[in-house]
Amino acid sequence: MDPINEAHVSEPGLIVVDVAAADDDTALAFQQVLADRWATATAERTTRDAGEPGVRLRCYLDLRQPISPAAPDEAPAPVSAAASQ
């Protein structure tokens, strides 16, 4: 995978998620679970590394955004509170 761009983690609550999975469907399904809950910049496709098994995918999350309305009782702790624990 490419190096992480500093802009993608410039503030607390911004996350870069690198996924390694057996196949495209698994990687994209995992990404969808993240996107259903948080603001997520999703990847349209996976990549394959020559000579390596499986596929890879990178997506970007913003935990500063409110959790999706589908799960209001499961809101994560604010980033500042989570970092101090």
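The values are calculated or read from the model by the stated rules, or taken from the named source; none is laboratory data. The structure presented is a predicted model; accordingly, all values stated were derived computationally and were not measured. Here the Cβ is made from the backbone with ideal geometry for all residues, glycine too, and neighbour counts use every protein chain on show. Areas reflect the complete protein model, heavy atoms only, side chains present, ligands, DNA and RNA absent. Shrake-Rupley method; radii C 1.70, N 1.55, O 1.52, S 1.80 Å.
Quick notes on this one:
- Residue tally, condition free of Cβ contacts under 8 Å to residues at least 24 places away in the same chain, within 15 Å of A21 (Cα to Cα) and either within 11 Å of the chain's Cα centre (by Cα) or surrounded by 14 or more Cβ atoms within 10 Å (Cβ to Cβ) (or both), over the stretch 36-46: 1
- Applying the criterion of being open to solvent by 30 Å² or more (accessible area, probe 1.4 Å) and under 26 Å from G13 (Cβ atoms) to the residues of the stretch 48-69, the residue that is modelled with the lowest pLDDT is P69.
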